[in-house]
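What follows is one structure encoded as structure tokens, with my remarks underneath.
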């Protein structure tokens with residue numbers, strides 16, 4: 001396994017990230033994206049002003065969890081500054097619009113590093 005990231009993200013008022021999956025089946029995407037297994041999100045600030053960190057309102061991370069009947073159940077993930085959530089990269093998820101302030105987070109992905117990936121990434 002190898003790590004892609006971390007990447008720092010900021011979401012200002014009205015910013016969001018549409019529902020998506022972090023793993024791709026598209027052969028034109030980089031091998032690291034096609035072989036992602038785990039997505040990692042670390043929230044760097046939260047809705048409560050503390051320790052001098054900026055705060056924000058809105059911007060919920062929503063995981064669309066599969067149900068046995070094939071439907072999905074959107075679940076808000078409650079994070080505080082410094083919290084980390086990890087989930088399978090093929091899971092549908094989104095960041096809802098930020099209403100005020102700026103939401104900061106760091107993201108990364110663990111991906112399979114096999115012989116084909118290694119050749120592609122060189």
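Computed from the coordinates by the stated procedures, all read-outs in this text should not be read as laboratory data. Bear in mind that the values here come from a model prediction, so they are computed numbers and not experimental data. Every residue, glycine as well, gets a Cβ built from its backbone with ideal geometry; the counts of neighbours run over all protein chains shown.
Normalised radius of gyration for the chain, please: alpha carbon Rg relative to 2.2 N^0.38 Å, two decimal places.
1.15
Where does each of 93, 20 land when they are ranked from fewest to most other beta-carbon atoms within 10 angstrom?
Ordered by Cβ neighbours within 10 Å, fewest first: 20, 93.
Say a paramagnetic label sat at a point 7 Å from the Cα of residue 49, along Cα to Cβ; which residues of region 65-89 have their backbone N under 17 Å from it?
Counting only backbone N, you get 81.
Once you keep just the Cα pairs under 8 angstrom separated by 6 or more residues, what percentage relative contact order results for the chain?
46 percent.
Counting only helical runs of four or more DSSP H residues, what would the 222 nm mean residue ellipticity of the chain come to if each run contributes -39,500 (n - 2.57) and the total is spread over all its residues?
It comes out at -2000 deg cm²/dmol, rounded to the nearest 500.
Which order do 79, 28, 113 fall in if you start with the one that has the fewest other Cβ atoms within 10 Å?
Starting with the residue having the fewest Cβ neighbours, the order is 28, 113, 79.
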